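Reading through the structure tokens given below for one structure.
The values are calculated or read from the model by the stated rules, or taken from the named source; none is laboratory data. Here the structure is a predicted model, which means the values were calculated and not measured. Here Cβ is always computed from backbone atoms with ideal geometry, including for glycine, and neighbour counts include all displayed protein chains. Remember, those area values only see protein heavy atoms, side chains included, never the ligands or the DNA or RNA. Shrake-Rupley method; radii C 1.70, N 1.55, O 1.52, S 1.80 Å.
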2 protein chains.
Amino acid sequence: MASKDRTKVRRSPHKQSGDPLIVQQIVTRAILAHVAIEVDDQPFCIPVACAPYASELLLHGSTASRLFKALASGVPACVTITSIQGLVLAGSAFDSSMHYRSLMAFGRARVIEGHEKEEALNALTDHLFPERREELRESTPKELLATSVLAFPLDEFSVKVSNGAPELTEDGSNLWIGVIPIATQYGAAIPAEGLAQTAKVPEYISRWPVNRI
Amino acid sequence: MASKDRTKVRRSPHKQSGDPLIVQQIVTRAILAHVAIEVDDQPFCIPVACAPYASELLLHGSTASRLFKALASGVPACVTITSIQGLVLAGSAFDSSMHYRSLMAFGRARVIEGHEKEEALNALTDHLFPERREELRESTPKELLATSVLAFPLDEFSVKVSNGAPELTEDGSNLWIGVIPIATQYGAAIPAEGLAQTAKVPEYISRWPVNRI
């Protein structure tokens, strides 16, 4: 398959977008990606935490994970990030749908090693837990060895954005038609059992972005 | 690869679960799945709406979608449903993680046709938009033809549930350690432009389950 072929959104061409800005918006927010690879003629779809990393996407996992090892070996892969943003209540089941943004990127992962590895792990921590890293102890060499950090290219991709309003019905019925937004929020912090009363919930959590999945 | 092989969770064996009840809990709630298939040596990871269907998972898409056609042709596939339920703030970056539940199912999709197709589409509508179907007009034959409905088996799977509490640090620091829950909620309903003032937001929306992605 020619590379041009696989990034063309065949269906719903109005949803296609090659806008790198939308890609950046999606990866700047997302904390979860799904990665497709094939191992021994069986496709696998693997959920992984992710973070933006210049023009790439960072993924990390255990060096002992069989699927992560396969991904790290440079097999062809597809990384998809999907954000559901609402339910579209139309006048028919057929036209009912969801508001979503999805990014599908194609390529092969690159293993990050050496001094770049710590930097990449810091970028992951800063993305998943903003402002927390300075409170944490440094990672140990053993921990660094146990973690596999990969960078996935974002130069071959397709993006779909579905955010249209449903059409009104023409049958004069009083059916409500519209969109029910879906939003992801943080709940009340749950301290670990036995935590000192003097340890206060960090103030930076109030600044963490929402709608990350 | 032997089938026993691919459903064994190699990493984090304490997270493994073969409990079909957890599978049912996951699919009863989820509205989004990611499907991995390979087409012409390129893996694809496709986001799709889903619904429970007895011991299978319903997926639907356009009959004109190239990827959905491939899936419908019965190629080996992997369907993954992931629900992120919280951020785990530990004392180190290494131990920081997420609370999540994920289901990875392996198999081949079966095309639903004939009189079963309408029944399956109704099940999808009832799952995605509970209680709304009786207000909607029936699907037209043309709409039914344009929609591909697949059932994916849930008999070969692995489940991971990560819901543990982070350990306290022993360095006597006052660092807050615990879990920040992540919850998905509905926002205020947005009526379609031009909708009659007399069309009221359906009362059943208040009964719709949350945390579906």
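Could you tell me whether region B:123-132 includes any residue that is assigned to a strand (DSSP E or B), at pLDDT 95 or above and among the basic types (Lys, Arg)? Give the steps one after another, and end with the answer.
From region B:123-132, those assigned to a strand (DSSP E or B) are none; that's our starting set.
No, region B:123-132 contains no residue that is assigned to a strand (DSSP E or B), at pLDDT 95 or above and among the basic types (Lys, Arg).
Quick one: B:Ala151 ticks every box in (1) touching a strand residue (DSSP E or B) at 6+ places or on another chain (Cβ under 8 Å); (2) part of a loop (DSSP other than H, G, I, E, B) bar one, so which box is it?
(2)
Step by step: first the residues of region B:40-60, then only those that are touching a Ser or Thr at 6+ places or on another chain (Cβ under 8 Å) and more than 8 Å from chain A (Cβ to nearest Cβ), then the one that is surrounded by the most Cβ atoms within 10 Å (Cβ to Cβ). Which residue is that?
Filtering first and then ranking leaves B:His60.
Contact list please: Cβ distance under 8 Å, first residue in region B:130-146 and at the interface with chain A (Cβ under 8 Å from one of its Cβ atoms), second residue of a type in the set (Phe, Trp, Tyr) and part of a loop (DSSP other than H, G, I, E, B), pairs at least six apart or on different chains.
B:Ser139/A:Phe94; B:Thr140/A:Phe94; B:Glu143/A:Phe94; B:Ala146/A:Phe94
Which members of region A:103-125 meet the condition of being under 21 Å from the mean Cα position of the chain (by Cα), without any contact (Cβ under 8 Å) to a residue 24 or more places away in the chain and open to solvent by less than 60 Å² (accessible area, probe 1.4 Å)?
A:Asn122, A:Thr125
When the residues of region A:160-190 are filtered to those that are acidic (Asp, Glu) and in contact (Cβ under 8 Å) with a residue 12 or more places away in the chain, which remaining residue is most open to solvent (accessible area, probe 1.4 Å)? So that I can check it myself, show each step before the final result.
Here is the first cut: in region A:160-190, the ones acidic (Asp, Glu) are A:167, A:170-171.
Those left that are additionally in contact (Cβ under 8 Å) with a residue 12 or more places away in the chain: A:167, A:171.
On the way: A:Glu167: 154, A:Asp171: 107 Å².
That would be A:Glu167.
Can you find a residue that is within 25 Å of B:Asn211 (Cα to Cα) and open to solvent by 40 Å² or more (accessible area, probe 1.4 Å) anywhere in region B:68-90?
Yes - at least one qualifying residue is present in region B:68-90.
Of all residues in region A:179-213 being under 17 Å from A:Asp126 (Cα atoms) and not in a loop (DSSP other than H, G, I, E, B), which is farthest from the other protein chains (Cβ to nearest Cβ)?
Among them, the one singled out is A:Arg207.
Can you pull out every residue in region A:129-180 that is of a type in the set (Lys, Arg) and over 22 Å from the mean Cα position of the chain (by Cα)? Write out each step before concluding.
So in region A:129-180, the residues of a type in the set (Lys, Arg) come out as A:132-133, A:137, A:142, A:160.
Those that are of a type in the set (Lys, Arg) and over 22 Å from the mean Cα position of the chain (by Cα): A:Arg137, A:Lys142.
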